1. By average Cβ neighbour count within 10 Å, what is the ranking of 198-208, 547-557 from highest down?
2. Multiplying the sequence separation of residue 768 and residue 218 by 0.36 nm and subtracting their Cα-Cα distance, what value in nm do you get?
3. When you count, for each residue, the other Cβ atoms within 10 Å and take the mean per peptide, how do 599-606, 342-349, 239-246 rank with the highest first?
4. Of the listed values (i) -0.28, -0.41, -0.74; (ii) -0.55, -0.68, -0.87; (iii) -0.39, -0.54, -0.86, grab the one calculated as log10 I(q)/I(0) by the Debye sum over Cα atoms at q = 0.05, 0.06, 0.08 Å⁻¹ from the structure here.
5. Between 0 and 90 degrees, rounded to the nearest ten: what's the tilt of helix 603-612 against the longest Cα principal axis of the chain?
6. Can you bin segment 76-224 into rounded, prolate or oblate? Criterion: square roots of the alpha carbon gyration tensor eigenvalues sorted a ≥ b ≥ c, rounded for a/c under 1.5, prolate for a/b above b/c, oblate for the rest.
7. Which shape class, rounded, prolate or oblate, goes with segment 101-159 when its Cα gyration tensor gives a ≥ b ≥ c as root eigenvalues, a/c under 1.5 marks rounded, and past that a/b bigger than b/c marks prolate?
8. Efficiency by 1/(1 + (r/R0)^6): what FRET value for residue 751 and residue 143, r their Cβ-Cβ distance, R0 = 56 Å, to the nearest 0.05?
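Please treat every number below as a calculation from the coordinates, not as lab data. Please read these numbers as outputs of a predicted model, since none were measured by experiment. In this analysis, Cβ positions are derived from the backbone assuming ideal geometry, glycine residues included, and neighbour counts consider all displayed protein chains.
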């Protein structure tokens, strides 16, 4: 048979679409599998990362359908976001048009890969019906106190009069006009993710073995649990007076209360309310104000790379134990988003504090003595306390316990568990996002929109020029009536962070489409489909997306909208696709266009290569030769198929009646079947590359067969194993040869075939190893030579074999010359 990928792939894609072959069924008595790949942003063109992600998920979905599972394998579009607005500015188009045009284009590109997605459950997160339920969930969170509003610092471009996302700030300047960006304090809405910090951390234990260890560790570090003492530094009377009585104390958290007597100064973040008050009240020298303004307009990431910088504020606090005056400074390494934005500085026992103290000639007070503490800073919790009054002689652990007991007894502080995790700021001052469904009324305050008025939709008659938020300037959108009192009010013009949409989309897929208008979720469907059996996506989403999705799931569980504690039962993080040792990107000029590959070699060659080149979790280096090799393998499958007997059932064969070559062929086929069974059971591995390699070995053994029964049985099994990987090819050949009966029947493992004795021969050419074959112990020498020549055929092309040497049970060597 001749292999024509263009005709075959078009044929089967049309058949699958017409027959709705991949839609999940309503039969909730069947065993189920929910296979989900992280959904794409509609940038307009798929890349090889998409191909790899979706081919992995598709292989799993197709395999489980073969095994009789009811499979939910959906696709959607993470469709809101800043790139659409940037495109609107650049191309003078509307974000909606740009987005939906890109979706249409990418949908066609993905369809050419033969991916077995459910088309009926496809949606875009910018669809109004999706926004309607997201806004409804937001309002319920607001009513439960999980959403609140407070001031926060944002990137602000004075020239364009607009807030900038972090990715729009380049070297401290606006990406559009190159104006120096400043930090501007504005009201923002926050989700109270910290209310779930403890559970988010502890429930990671339930994911051990089901999620990659690296991802679990990254989430643990991001949540950042630590235990310590929280207490107040009281300001002295002169400082209280200097601050006009606005502040009397500030809160500090420390994990090292044992070192409290070693405090030299206290440092505040530049965003701390005390520092901000002093800046706004001109209580500092002009040169300090200028330096602090610059510090404030430097991102946390940039500050971490800068030398330690600080300034004395001219105010003091009272040491809570010794009663000494402690100078208060502002320092660039103290960040408001961590803790309370205030740090007690103990230079002798903290590396960062030591660096800061030596830079500014601050006192260094050693309070722990040990045989190992001859040089400072000494940061270990070993030794004895010194210069610490009632703590002297205690170990650091004993001292910490005693200090906490003292503070709690005197009601000056308490032992707390602190988390590095901060609440999630979701406000975005841009157009293309889900509108926040809140309204500000002078009489009623901030109130949610009525449920019957949802969704709050974006006005289409806007012009995006990059200067401010278009919604802020749209009177018809902005001005409204209060849902409570009916008086004139103002609609919120901020839109939601796009992580909101990706935090619950996987739950929405479980709802049958005919219910989408009526409700966000369907209880019976969720009970059946959840949790997600396999979630596939890049390691770059290990923290924020996965953390927010876990948070949403727990919130919705407590709101009685789902029953699960964790959304993703198993997680696979696929490796990046590289070319020339670097990640594919336009800037590096090393992009490989999937459409070009499909047009030249066919979708199945692309799928075969992408799954064969490396294990799913490892980086994949692009290789044009390997791609051509995948194409040649499929051609050979078609060519040999002419010798296969057409039948609707697997031939029955007795191993004992076969010769050595026939036994070897069957053994290789059943080794592939065994390999497939093992691979799909190893949920965190799915080493398709080894399965494909085993299938190729089996085909090579079949290619040498003259026994039509062995060949037919082998094809019956191999095409079933290859269908999840090269579905067009396997479907075409299986239809012609077996009426596709091989896809939907149970194939038992023939242990007799596996138990046949065999020997491995290394194959060398002019002494250099070029391959390996495995043959039955009774295989005649002429058959060994024949199989060896097939295995290393490409090395023998256009060559003259001068000598053939067999070392019994060990080696075949060919001496050749051109």
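1. Descending mean neighbour count gives 547-557, 198-208.
2. Between residue 768 and residue 218, full extension yields 193.4 nm more.
3. My ranking of the peptides, most packed first, is 342-349, 599-606, 239-246.
4. (iii)
5. Helix 603-612 and the main axis of the chain meet at about 70 degrees.
6. On the way: a/c = 1.58, a/b = 1.03, b/c = 1.53.
In terms of gyration-tensor shape, oblate.
7. Because a/c hits 1.5 or more and a/b fails to exceed b/c, segment 101-159 counts as oblate.
8. Efficiency for this residue pair is about 0.35.
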